[in-house]
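Here the structure is laid out as structure tokens; the discussion comes afterwards.
The values are calculated or read from the model by the stated rules, or taken from the named source; none is laboratory data. All values reported here derive from a predicted model rather than from experimental measurement. We place every Cβ from the backbone using ideal geometry, glycine too, and count neighbours over all the protein chains shown. Areas reflect the complete protein model, heavy atoms only, side chains present, ligands, DNA and RNA absent. Shrake-Rupley method; radii C 1.70, N 1.55, O 1.52, S 1.80 Å.
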Amino acid sequence: MNALNPTEVKNMLDLEKNTKMTVEGLNVFYGDTHAVKDVSLNLRKDEVTALIGPSGCGKSTFLRCLNRMNDTVDSCRVEGMIKLDGQNIYDKNIDVVQLRARVGMVFQKPNPFPKSIYDNVAYGPRIHGLAETSADLDEIVATSLEKAGLWVEVKDRLESSGTSLSGGQQQRLCIARAIAVSPEVILMDEPCSALDPIATAKVEQLIETLRGKYAIAIVTHSMQQAARISQKTAFFHMGTLIEQGETSAIFTAPAEEKTRDYITGRFG
Ligand SMILES: Nc1ncnc2c1ncn2[C@@H]1O[C@H](COP(=O)(O)OP(=O)(O)OP(=O)(O)O)[C@@H](O)[C@H]1O
């Protein structure tokens, strides 16, 4: 075998250094339904990865395995290996509450708690003991709201209910809530599908500002959105990962016919 040249070695080390999560041979079943079939995919800490594909192809199931949200579904069985920084997240010694702080999630429908804006963001840091004093907590809440691009809009009404905000603001509040516990990965399951175009644009801008600070995986039905916000794209079809790669390549020169048919709107 030929030795690797220095550039190849550097590329391999960079890849290793920037990989946050690795998924190898993932199979997921709901009873007899084989929802995800032998999927292997890595998430890098400096990138947004978009998961696309027609309804029912297993995108959400895949995403929900990354922080063990599927543990809550009785019929769900997960096989294969998912590692966070090299550690198997399905290991019996893993504390799932800690895991979900490290791998946060934002859902399709904004789901703020029926509490004040302040308490929505403070909830996680409180239960994880991240603030020693109330001033520390104030600081975490303010910083998280700033990072979520919501601070200016809510700083004078922190005691108002989170549910009193507009849909787009609620979604950014949910992102602030995820950020508040200093996650390393943020999973987003169609975070804009319940939002109007202006609120969608704000969330997309926010994702762009979060890129590089967190590994981000986003399920989206909008191919325009995937093209705008992601660096990597993975195309699923009937539980199988058909193709993955640079977003620009997937959308301009897909290798697989199925991918081409999907992105050109022939099915889905
Ligand atoms: N809780 C569940 N119980 C049983 N089957 C489920 C459950 N959740 C998903 N499935 C099945 O698993 C398969 C994959 O569903 P999944 O929701 O992951 O697809 P998806 O690509 O995210 O779809 P969509 O784009 O419509 O949200 C489907 O056949 C679905 O019916």
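A few notes on this one:
- Pairs meeting the criteria (first residue in region 35-62 and within 12 Å of M238 (Cα to Cα), second residue in a strand (DSSP E or B) and open to solvent by 40 Å² or more (accessible area, probe 1.4 Å), beta carbons under 7 Å, at least 6 apart or on different chains) are K37/T240.
- The residues in region 120-138 that are crowded, with 18+ Cβ neighbours inside 10 Å and over 22 Å from the mean Cα position of the chain (by Cα) can be counted, and the count is 1.
- Every residue from region 228-241 that is of a type outside the set (F, W, Y) and buried (at least 19 other Cβ atoms within 10 Å of the Cβ): I229, S230, K232, T233, A234, H237, G239, L241
- Exactly one residue among V185, V219 is within 16 Å of the ligand (Cβ to nearest atom), in contact with a Lys or Arg (Cβ under 7 Å, 6 or more places away or on another chain) and at pLDDT 95 or above, and that residue is V219.
- Some residue of region 91-103 being of a type in the set (V, I, T), touching a residue at least 60 places away in the same chain (Cβ under 8 Å) and within 16 Å of the ligand (Cβ to nearest atom): no
- Within region 64-84, tally of residues that are more than 13 Å from the ligand (Cβ to nearest atom) and open to solvent by less than 70 Å² (accessible area, probe 1.4 Å): 7
- The listed residue being in contact with a Lys or Arg (Cβ under 7 Å, 6 or more places away or on another chain), among the hydrophobic types (A, V, I, L, M, F, W, C) and surrounded by 16 or more Cβ atoms within 10 Å (Cβ to Cβ), out of L150, L145, L158: L150
- Test: residue in region 167-190 that is of a type in the set (S, T, Y), open to solvent by less than 20 Å² (accessible area, probe 1.4 Å) and out of contact with any Leu (no Cβ under 6 Å at 6 or more places or on another chain): no
- A count restricted to region 231-268 and to residues that are assigned to a helix (DSSP H, G or I) and without any contact (Cβ under 8 Å) to a residue 40 or more places away in the chain stands at 10.
- Going through (1) over 23 Å from V23 (Cα atoms); (2) in contact with a strand residue (DSSP E or B) (Cβ under 9 Å, 6 or more places away or on another chain) one by one, T220 falls short only on (1).
- The sole residue among Q205, Q225 that is of a type in the set (S, T, N, Q), open to solvent by 80 Å² or more (accessible area, probe 1.4 Å) and closer than 27 Å to G167 by Cα is Q205.
- Counting only helices (runs of 4 or more DSSP H) that sit completely within region 113-197, those holding 1 or more residues that are in contact (Cβ under 8 Å) with a residue 24 or more places away in the chain and basic (K, R) correspond to 134-147, 167-179.
- Failed criterion for S40 (all others in (1) modelled with pLDDT of 95 or more; (2) among the polar types (S, T, N, Q); (3) within 16 Å of the ligand (Cβ to nearest atom) hold): (3)
- Only residues that are at pLDDT 95 or above, of a type in the set (S, T, N, Q) and touching a Cys at 6+ places or on another chain (Cβ under 8 Å) were counted across region 222-239, and they come to 1.
- Verdict on A227 being closer than 28 Å to N18 by Cα, touching a Phe, Trp or Tyr at 6+ places or on another chain (Cβ under 8 Å) and away from the ligand (no atom under 16 Å from the Cβ): yes
- Residue in region 85-97 that is surrounded by 14 or more Cβ atoms within 10 Å (Cβ to Cβ), modelled with pLDDT of 95 or more and within 29 Å of K202 (Cα to Cα) present: no
- Residue ID - modelled with the lowest pLDDT, chosen from residues in region 1-37 that are closer than 18 Å to G245 by Cβ, among the aliphatic types (A, V, I, L, M) and open to solvent by 80 Å² or more (accessible area, probe 1.4 Å): L15
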